[in-house]
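Asks: Sharing a structure, written as structure tokens. Questions coming.
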Amino acid sequence: MMTKDVRLVWAIAGALAAGVAGAALAAANPTAAAPAETPAGRAAIERIVRDYILAHPEIIPEAMTRMQNREVTRLLDSNRKEIETPFAGAVAGNPKGDVSVVVFFDYACPYCRQGHADIARLAAGDPGVRVVYRDFPVLSPASEEAAMASLSAAQQGRYTRFHDAMFETPGKVAHERTVAMVRKAGLNEVRTAKDLNAPALKAEITRNLELGRALGLTGTPSYVVGNQILSGAVGYDKLKEAVAAARKPADSAG
């Protein structure tokens, strides 16, 4: 929650941005009469803001964080449906859970392997978590092939079997290993081989990559939970905290 001082500065800065000098002075001193909006009055308000910020520079990081959070929320809200609607079958945990944890991952990413264990623990311990997987192959052609096999597994109703096998079986991602995991997950090998060139699955990969770019994702794993974007293998505790924050009423957040 913002302090009284920070609320005051935000009120003044907001009034300046809107060009309402009188409202800014009223925020600073509710009993004062609003002056005429003149260049001199505007300059006076600017001096008040400048002097206050120079005297209290500690408010700047808080103000910047709040501004960034607003921008992230706006970005996520404008893409919410696309982010949280999974490719059919590419979901785990409780499909009707109250909080969606969206995972952008690459099978060739060692940090994603670590993150996989964190997500599995989170879903196992929280019956309200819905995990949405977004295959995001950015590291190599082999990881793209694995992602195509992954989406084929989703269409065959065996997504989590393949996904778990890929991350829980040691070895570097390569064609031979992907084929081995297809067999381990019990997929239809003929169908999966055909799906490696399926236009619909390629289109899904392209959508995921474009969505990641729109969200400014720079690597894997990346997570979207509520109004937060978490980058890297942030660990179980951070993920759990993000889920808890997503459950808070909007008027109590921040």
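The values are calculated or read from the model by the stated rules, or taken from the named source; none is laboratory data. It should be emphasised that the depicted structure is a prediction, and the values quoted were computed from it without experimental measurement. Every residue, glycine as well, gets a Cβ built from its backbone with ideal geometry; the counts of neighbours run over all protein chains shown. All accessible areas refer to the heavy atoms of the entire protein, side chains included, with ligands and DNA or RNA removed. Shrake-Rupley method; radii C 1.70, N 1.55, O 1.52, S 1.80 Å.
Asks: Over region 116-232, with every protein chain in place, what whole percent of the accessible area is carbon and sulfur at 1.4 Å, could you tell me?
Replies: The value for region 116-232 is 52 percent carbon and sulfur by accessible area.
Asks: While we're on this one: What full-extension length gain, to one decimal in nm, is calculated for S140 and T38 as 0.36 nm per residue of separation minus the Cα-Cα distance?
Replies: 30.7 nm
Asks: Take the residue pairs K172/K238; K81/K240; K96/K238 and return only those whose Cα atoms are more than 24 Å apart.
Replies: K172/K238
Asks: Using a 1.4 angstrom probe, figure out how much accessible area region 121-254 has per residue, in square angstrom, rounded to the nearest whole.
Replies: Numbers: 6520 Å² over 134 residues.
Per residue, region 121-254 has 49 Å² of solvent-accessible surface.
Asks: Now a separate question. Could you pull out which residues in region 105-146 have an amide N less than 12 Å from a spot 7 Å beyond the Cα of N94, following the Cα-Cβ vector?
Replies: Only 123-131 pass the distance filter.
Asks: Oh, and also: For a Förster distance of 41 Å, can you work out the FRET efficiency between the beta-carbons of A55 and R207, rounded to the nearest 0.05?
Replies: Approximately 0.25, to the nearest 0.05.
Asks: Right, next: Set the Förster radius R0 to 25 Å, insert the Cβ-Cβ distance between E241 and A117 as r into 1/(1 + (r/R0)^6), and round the FRET efficiency to 0.05. Numbers along the way, then the final one.
Replies: Working: r = 17 Å, r/R0 = 0.69.
That pair, E241 with A117, gives E of 0.90.
Asks: Moving on. Taking the Cα-to-Cβ direction at R80 and at E189 and moving 7 Å from each Cα, how far apart do the two end points lie in nm?
Replies: 4.6
Asks: What residue among Q155, V173, G216 has its Cα farthest toward the positive end of the dipole of region 116-251, where the charges are +1 on Lys, Arg and -1 on Asp, Glu, each on the Cβ?
Replies: Q155
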